[in-house]
1. May I ask you to say which residue of 63, 107 is on the phi < 0 side of the Ramachandran plot, surrounded by fewer than 20 Cβ atoms within 10 Å (Cβ to Cβ) and either in the same structural domain as residue 33 (by TED's automatic domain parsing) or without any contact (Cβ under 8 Å) to a residue 60 or more places away in the chain (or both)?
2. Among (1) touching a strand residue (DSSP E or B) at 6+ places or on another chain (Cβ under 7 Å); (2) surrounded by fewer than 21 Cβ atoms within 10 Å (Cβ to Cβ), which single condition is residue 129 missing?
3. In this structure, does residue 103 turn out to be within 21 Å of residue 179 (Cα to Cα) and assigned to a helix (DSSP H, G or I)?
4. Check residue 169 against each of (1) surrounded by fewer than 22 Cβ atoms within 10 Å (Cβ to Cβ); (2) in contact with a helix residue (DSSP H, G or I) (Cβ under 6 Å, 6 or more places away or on another chain) and name the one condition it does not meet.
5. Considering only region 39-49, I want to know if a residue exists there that is under 19 Å from residue 146 (Cα atoms) and touching a helix residue (DSSP H, G or I) at 6+ places or on another chain (Cβ under 8 Å).
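The values are calculated or read from the model by the stated rules, or taken from the named source; none is laboratory data. None of the values given here were measured: they were computed from a predicted structure. Heads up, the Cβs are rebuilt from the backbone with ideal geometry, glycines too, and the neighbour counts pull from every protein chain shown.
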């Protein structure tokens, strides 16, 4: 676990926790990369898995021009996007599993009084399926997807949409994510972020997060000393 004092959430009252799903609560980043590689090949675009994998966490509007040189809203782009979703849901979704203790972590947040809101670049259709697999849909107060924002991560639109939907000020929110695109999106919206490395990125690549942990299980173990803990933030405030 690594923590930084560069940006912090000093509030001692419960927060709105903005949750990424893919790579944060659900072990799905590799599956998304494979689906993009598969659809690229179907449409005659050879692409390198490693390059695609490094872009997972962006929305399709960002990934497609970078990976394939195709605009997301073009005729071909729309067809590829629809087919990629079919491939992901049919070939890869059935094998996905949540990271250990992911649901327990969210329950601990609820015990601390926090509200839970999903903020993901996934489509609304995929988001519903992902939440089912993660087993957390019943714990959420709100959810925002790519359909709620003009631009996907790393732009801050989805974070701002989640704040608006939950009627929360940026200073009363904290994000949990796993990619550099989550970090950029949250900080761009003025929201501090706690990052997890289980999505495949290092502490250095997640620079800008106020704390980093290996996965939901480690964050749960360290919860009482983490930025998520109301008690820990209260102690930090008293020490200033």
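1. 107
2. (1)
3. In short, yes.
4. (2)
5. Within region 39-49 (the criterion being under 19 Å from residue 146 (Cα atoms) and touching a helix residue (DSSP H, G or I) at 6+ places or on another chain (Cβ under 8 Å)), the answer is no, since none of the residues qualifies.
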